[in-house]
1. Taking all pairs of different Cα atoms in the range 228-269, averaging 1/r and flipping that mean, what Kirkwood radius in angstroms comes out?
2. In degrees, nearest 10, range 0 to 90: what is the angle between the Cα axis of helix 85-99 and the longest Cα principal axis of the chain?
3. Can you give the accessible area per residue of the range 214-316, in Å², using a 1.4 Å probe?
4. Can you pull the Rg over Rh of the range 1-131, Cα-only, Kirkwood?
5. Angle between the Cα long axis of helix 371-382 and the longest principal axis of the chain, 0 to 90 degrees, nearest 10?
6. Looking at the square roots a ≥ b ≥ c of the eigenvalues of the Cα gyration tensor of the range 209-313, which shape do they give, rounded for a/c under 1.5, prolate if a/b is larger than b/c, or oblate?
7. Can you give me the convex hull volume of the Cα atoms of the range 197-261, divided per residue and expressed in Å³?
8. Output needed for the range 19-67: three equivalent-ellipsoid semi-axes, defined as square roots of 5 times the C-alpha gyration tensor eigenvalues, in descending order, whole Å.
Amino acid sequence: MVGGGPAGLATAAEAARGGLRTVVFERGHALGEPVRTSGGSFVKPLRALGVPSRCWHPVHRIRVIGPTTDVTKRYRRALGCVLDVRATYQWLGQQAVEAGAEIRLKAHVDGALTDGGRTVGVRARDPFRGAYEQPARVVVDASGHTGFLSRAAGMRPGNERSAVGLELELHAPGYDQDEAVFWLGDAISPGGYGWAFPVGGGRVRLGVGVVRPDSDAEPRVLLDRLLAAFGALTAAGSPVGPIESHSGLMPVLPPAAAQLVGNGLVSVGDAAGQGSTLLGEGIRYAIDAGRLAGRAIATGDLASYPREWRRRTGRDFAIAYAVNTRICGYGDADWDRVIRRLDGLSPRQAAWVFATDFRLRHALGALVTDPSLVGSLLRAALGRSVGRSGSES
Ligand SMILES: Cc1cc2nc3c(=O)[nH]c(=O)nc-3n(C[C@H](O)[C@H](O)[C@H](O)COP(=O)(O)OP(=O)(O)OC[C@H]3O[C@@H](n4cnc5c(N)ncnc54)[C@H](O)[C@@H]3O)c2cc1C
């Protein structure tokens, strides 16, 4: 496994559990360090993946602030959550070690070993072994945004479009730890969005993301503006200051642009563009894809991995990408319209949109309760016309 992020660690655990000798190469000095992600996610799918609840901070309200609009959806049972990224990745590492995988830290992979077009191992270096070659029956590219092995093998295009994110983890004890906020509109984040994700213990991740090359806005400038807007959400006079700075890139690939299985090489996580391009959520998908890939490698049925992955995410990711390309050009009037439409959805229906969950049975359920809601849901995702009023669920 090239990369010890959620994709590589999840793949390693399953491959090792299936009886394979498995090595993870992670160039960093520790799993989950440095943090490059905001960790926003959803409780139900994380539980389904077995991630322990100590790894996340739940939120009961999701608020969306637009240029002149402001909508809050409330959930009796927490729907959204913010992951303790280090704890989650290190828990995934523990799972891999328990399954018998070997994790090498400060281990940098420079490239693939190939033989007649087939990947047969990697060239690596680390402080203990120096430079060396590691033969392998299957190499997994879990290197994240660069996906450098998959690109070199022609399994995916380059990163023509990428989300660029910049975030401060703040000590902000005067902020309400039960509310996650998204900001939309030109003032805070043209062609992207701003966020405030509480993580517990009086800390909040405040960040902005924009898509390149669609937007040339400078994240540092936007984050300064967001800090000013954030001040209005904290108790008067309470302190606000940065404790950590996080930044990173996420690929925005068209669905199915990446080939997941090549000749001796398997691609997972951001390396294969397996995050939702709607809100830039990738961690739970990377874990899920990694487990599918690891199982497929262990059983020798490699084709099962792309087949099952496309079955699980094909429709949702296609809709997410269509929305993404559309909203990148939105201006303030468009955002106000979308937020008004979101206001018209019930909290549960809004949750499907937030979580990139466009299952047919949701549309059918909406059709039974109120036929006009099917259109509202799709339009909320794609951005046209207004729906009806929502209430607490
Ligand atoms: C700013 C930002 C905010 C985000 N916010 C969210 C969010 O709120 N919620 C969410 O779910 N997702 C979010 N994401 C996306 C999420 O972080 C990714 O989808 C997820 O981390 C993908 O996991 P991965 O294992 O594929 O890649 P990564 O987590 O990037 O892991 C790749 C690993 O490979 C290692 N590596 C790379 N090259 C080499 C090499 N040559 N040799 C050895 N090791 C190597 C890296 O050090 C890294 O540890 C965000 C992303 C960014 C950039």
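The values are calculated or read from the model by the stated rules, or taken from the named source; none is laboratory data. Since this is a predicted model, take the numbers as computed values, not measurements. Every residue, glycine as well, gets a Cβ built from its backbone with ideal geometry; the counts of neighbours run over all protein chains shown. Heavy atoms of the whole protein, side chains included, go into the accessibility calculation; ligands, DNA and RNA do not. Shrake-Rupley method; radii C 1.70, N 1.55, O 1.52, S 1.80 Å.
1. When all Cα pairs of the range 228-269 are included, the Kirkwood radius is 15.3 Å.
2. The angle comes out near 30 degrees.
3. I get 42 Å² per residue for this part.
4. When Rh is taken as the Kirkwood radius, the ratio is 1.12.
5. 60
6. prolate
7. Dividing the Cα hull volume of the range 197-261 by its residue count gives 143 Å³.
8. They are 30, 18, 10 Å, listed from largest to smallest.
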